[in-house]
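None of the figures in this text is laboratory data; all of them are computed from the coordinates on show. Note that the structure is predicted; figures quoted are calculated from it, not measured. Methodologically, a virtual Cβ is constructed for each residue, glycine included, from the backbone with ideal geometry; neighbour enumeration extends over all protein chains shown.
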Amino acid sequence: MAIRIEDQNLLFHLQTDHTSYIFQVMENGELGQVYYGKRVHSKSSYDNLTTREWHNASVALSLQQNDFQLQTIKQEYASLGKGDFRYPAYQVTQANGSRITEFKYESYELVDGKRRLAGLPSTFDDDNDDAQTLTISLRDKLLGLVLHLNYTIFPHQDVIIRSAEFQNQGNEKLTLNSAASAQLDLPDADYDFIQFSGAWSRERHMIRTHLRSGVQSISSLRGTSSHQQNPFMMLARPNTDDASGSVFGFNLVYSGNFADQIQVDQYDTSRVIVGINPAEFAWNLKPGDKFQTPEAVLSYTDAGMNQLSQQMGAFYQNHLVNQRFAHEERPTLINNWEATFMDFDENKLLDFAKTAKKLGLEMFVLDDGWFGHRNADNSSLGDWFVNQPKFPSGFDKFANQIHELGLKFGLWFEPEMISIDSELYKEHPDWLINAPGRHASPERRQFVLDMTRPEVVDYLFDAMSKIIDMTKLDYIKWDMNRNITETYSSKLSADDQLEMPHRYILGVYQLYDRLVKAYPDVLFESCSSGGGRFDLGMMYYAPQAWTSDDTDAVERMLIQFGTSYGYPQMMMGAHVSAVPNDQVGRITSLKTRANVAYFGDFGYELDITKMSSEEQQQVKEQTAFYNEHRKLFQFGKFYRIENPFKNGNVMSWEVVSDDKQHAIAARYQILNRPHTGYIRLYIKGLDPDTKYTVNGGSEQFYGDELMNAGLFVSDILHETHGTGQSADFNSKLFVIDAVK
Ligand code: DGJ
């Protein structure tokens, strides 16, 4: 598989193991899209796919080329103003106010591998052994503006990476009003738009609607990718489900304001545009300046959504996340947040850590409240030095004691924030983001630091480094607990203020980059009030994220199920917390809470010191069970079986080892229903000819039997009846092992 170029026709065929992406230089010198989908044979031309036909009421290229009408043509990176009235991929304003551009093809460059982007998180192929990158150069002669469209194929994961770079080689200042990472024009609109939407504490619920005429979009203007909409989306044929059918996946390697848009036009074609949200964005390009967009990830399969998730997940593991941790089993942890909130001292925490060690956990994570004089959420953000009264013996000694127990030590930071009640604010009130003459709006009684200022990034790097060095830290939970308002930087000129949202996130990336490079062995977990920044930009630095502040087992099963479409389970932090649950007040069993949390980076977030000895024993057994199967849970092939967003009550999923020798499936029900028929669970991904046992039972099953005839699952009522346990919110786990 490779990128094939027909030099004569200037036709580019990007071929992966199972997909083809084809485009060509058009009659007007710009780039036209030919095809994206299941792999097709390579040819020197596809006249059938690029036939021009005259349409009434359409603007033409010229009097001679009357049948070349942009609004009927699929394009790679379209502009507005020359007869295509759909939303464009970009817009540039000249000094004279004109917004018309003509980017004509100039040349291409084809290289092996995939370079990382400077200053932005990006995909990579550091060993040059997998990817191929094609860059198409186009030029607008009038403006002296060069556009590079970058395409990288990762053939074995059927992934294509796209991005654009603008270079002002002319003499006048230009302004980029928008610059998408990718555009895709599909020839029809018979697709379901599948998005992952929600709110704080109920992130990434799956919503599936058929495309309709007009624009439909998901986006964020919160300064983060957001809890409300995730940048991952799919377009699937209506009959596509997890097991079969045709589906495109789109994601963005970006953590700030984004917009994913699909426009169905008058001819029922679909234009997909993904990238930085054009609202609240502009970028000034002085002569000599460049602008690089974030990268978009595109993938396609005709084998259903499980396959799409698996191929994109494998791709992220090998070509996006920090390779230091990409294949390393993540530690089981105890986090004190939901157990103590900010009410703790060193003795209480040490008790905690000792109990955690006794129960088999591997890392103690100290959450919010260890710094400044923070005992409530209205103070000390920015003061990254220890809260002395809570650690009278010294923080270095405390960290030492944790390490001496044989535990790793993790710490919470919220680097991007500032409290009014802080030393930092006294010294640098101007570092707080606010617009001139306006009052700064608080959220969670805190404010945001101007991350566009290099001195802020330097301060945070130094302050965090001191703590990392002092405590020999193993892990950082990097939180971000508010949206950005009064977006303005006193360091930027009036003319550059619309650059602020993007410059903010570039500052965040810079801090991450410096810390990750300076402390390569520190594992980062990103967090934004739970899942508010669960995106590929963050994952580049922090290979896992706190999936949601909602740790209720039922809510979590929905959140993790939705998240699993776009992100592999090794990216999802998943903890067992106390009941009644803090977010929804629901009571679920310790068993079900663990059965959900197993399918991610597992830990506990409750007061283990106050548990009964029976419960502690259960925690010990759960931890041992997870540790035994950790590789499978974190890195196994993930299959969704029953979709709770469809049936409203039942969910099942499964992880399978690469060699198909082991699998663990789980089935969960929200409410128990009376007098149900026989239940069968259709196991996935096994070897049809291998014999397996289930939960160590004596009966042996062929893989084809478990997959096609299914596994009998007894009614939960039979097990819970008379035991005092509830059959609601119940769950079952099936450990499936090949017979040796
Ligand atoms: C929000 C996070 O999601 C929680 O897990 C916790 O770290 C709190 N912030 C601390 O303020």
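Tabulated data for the structure shown
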{"item": "Local electrostatic count at Trp412 - Lys and Arg +1, Asp and Glu -1, tallied over other residues with Cβ under 9 Å", "result": "-3"}
{"item": "Where labels lie 7 Å past Cα in the beta-carbon direction, separation of Lys141 and Lys290 in nm", "result": "2.5"}
{"item": "Alpha-carbon centroid distance for the pair segment 476-504 / segment 244-303, whole angstrom", "result": "22"}
{"item": "MRE, 222 nm, helices only [DSSP H, n ≥ 4, -39500 (n - 2.57), over the chain, to nearest 500]", "result": "-6000 deg cm²/dmol"}
{"item": "Listed peptides 7-17, 312-322, 410-420 by packing density, highest first (mean Cβ within 10 Å)", "result": "410-420, 312-322, 7-17"}
{"item": "Of Lys591/Lys740; Lys348/Lys477; Lys114/Lys141; Lys397/Lys466, those spanning more than 18 Å from alpha-carbon to alpha-carbon", "result": "Lys591/Lys740; Lys348/Lys477; Lys114/Lys141"}
{"item": "For Ile334, Ile670, Ile433, order by how many other beta-carbon atoms lie within 10 Å, fewest first", "result": "Ile670, Ile433, Ile334"}
{"item": "10 Å binning of all Cα-Cα separations within segment 419-555, expressed as whole percents from 0 upward", "result": "11, 37, 37, 13, 2"}
{"item": "Net +/- balance of residues flanking Asp704 in space, Cβ distance below 11 Å, scoring K and R +1, D and E -1", "result": "-2"}
{"item": "Length gained when the stretch Lys591-His439 is fully extended (0.36 nm per residue, less Cα-Cα span)", "result": "49.9 nm"}
{"item": "Convex hull of Cα atoms in segment 641-738, direction-averaged projection (nm²)", "result": "6.6"}
{"item": "Exposure proxy ranking, count of Cβ atoms within 10 Å, fewest first, for Lys620, Lys114, Lys286, Lys732", "result": "Lys286, Lys620, Lys732, Lys114"}
{"item": "Rh (Kirkwood; distinct C-alpha pairs) - the chain, Å", "result": "27.3"}
{"item": "Projected label distance in nm at Ser493 and His41, using a 7 Å step from Cα toward the beta-carbon", "result": "5.9"}
{"item": "Pairwise centroid distance, computed over Cα atoms, of segment 337-394 with segment 192-229, Å", "result": "36"}
{"item": "Cβ crowding within 10 Å averaged over residues, with 717-725, 78-86 ranked highest first", "result": "78-86, 717-725"}
{"item": "Exposure proxy ranking, count of Cβ atoms within 10 Å, fewest first, for Ser270, Ser441, Ser726", "result": "Ser441, Ser726, Ser270"}
{"item": "Inter-site label distance for Asp462 and Glu486 at 7 Å from Cα along Cβ, in nm", "result": "2.6"}
{"item": "Net length gained if the chain between Asp17 and Glu427 were fully extended (0.36 nm per residue, minus Cα distance)", "result": "141.9 nm"}
{"item": "Given charges at Cβ of Lys, Arg, Asp, Glu: segment 92-171 dipole, positive-most of Asn96, Leu134, Ser107", "result": "Asn96"}
{"item": "Positive minus negative residues near Phe398 (Lys, Arg vs Asp, Glu; Cβ under 12 Å)", "result": "0"}
{"item": "Cβ-derived FRET efficiency at R0 35 Å, Thr51 paired with Glu109, nearest 0.05", "result": "0.70"}
